[in-house]
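**Q** Encoded as structure tokens, here's the structure I'll be asking about.
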Amino acid sequence: MIAMVRIDPSITVAQLLDQHPAAIRLFIDRQLSCIGCPIAPYHTIDEVCREYDLPLDDFIRELTARVKRP
């Protein structure tokens, strides 16, 4: 059985990508400039959604689907 990872909106982009490299593809697909951004160590997922005008719940759902763990 594959358990889903719970993504906390207060996690920083850098922490998320360190823990779940598979999430990188979503940032690329959404054309978000977070990959390699010098603010990534400080910017939370919640802040990213506000900055890019993304619905937080939808983005978290998409992230969760991409970072399944065994």
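**Q** Please go through (1) open to solvent by 30 Å² or more (accessible area, probe 1.4 Å); (2) within 16 Å of R66 (Cβ to Cβ) for S10 and return the number of the only condition it doesn't satisfy.
**A** (2)
**Q** Specify which of the listed residues (A65, A22) is in a helix (DSSP H, G or I), open to solvent by 50 Å² or more (accessible area, probe 1.4 Å) and out of contact with any Lys or Arg (no Cβ under 8 Å at 6 or more places or on another chain). Working first, answer last.
**A** On the way: A22 fails: out of contact with any Lys or Arg (no Cβ under 8 Å at 6 or more places or on another chain).
Being in a helix (DSSP H, G or I), open to solvent by 50 Å² or more (accessible area, probe 1.4 Å) and out of contact with any Lys or Arg (no Cβ under 8 Å at 6 or more places or on another chain) holds for just one of A65, A22, which is A65.
**Q** Among the residues of the stretch 1-51, write down those that are touching a residue at least 60 places away in the same chain (Cβ under 8 Å) and of a type in the set (G, A, S).
**A** Looking only at the stretch 1-51, we keep the residues that are touching a residue at least 60 places away in the same chain (Cβ under 8 Å), and these are 2-5, 7.
Within the stretch 1-51, just A3 meets the criteria.
Here's the yes/no breakdown for (1) modelled with pLDDT under 95; (2) among the small types (G, A, S):
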residue	(1), (2)
M1	yes, no
R6	yes, no
H20	yes, no
I35	yes, no
P38	yes, no
D46	no, no
L54	no, no
A65	yes, yes
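**Q** Name the residue that is least open to solvent (accessible area, probe 1.4 Å), counting only residues in the stretch 31-46 that are over 11 Å from the mean Cα position of the chain (by Cα) and of a type outside the set (S, T, N, Q). Steps first, answer last, please.
**A** Step one: of the stretch 31-46, the residues over 11 Å from the mean Cα position of the chain (by Cα) are 31, 33, 36-39, 41-42.
Still in the running and of a type outside the set (S, T, N, Q): 36-39, 41-42.
Working: G36: 78, C37: 45, P38: 105, I39: 86, P41: 66, Y42: 165 Å².
Taking the candidates together, the pick is C37.
The values are calculated or read from the model by the stated rules, or taken from the named source; none is laboratory data. As the structure is a computational prediction, the values presented were derived from the model and not from experiment. Note that we place each Cβ from the backbone using ideal geometry, even for glycine, and neighbour counts take in every protein chain shown. Areas reflect the complete protein model, heavy atoms only, side chains present, ligands, DNA and RNA absent. Shrake-Rupley method; radii C 1.70, N 1.55, O 1.52, S 1.80 Å.
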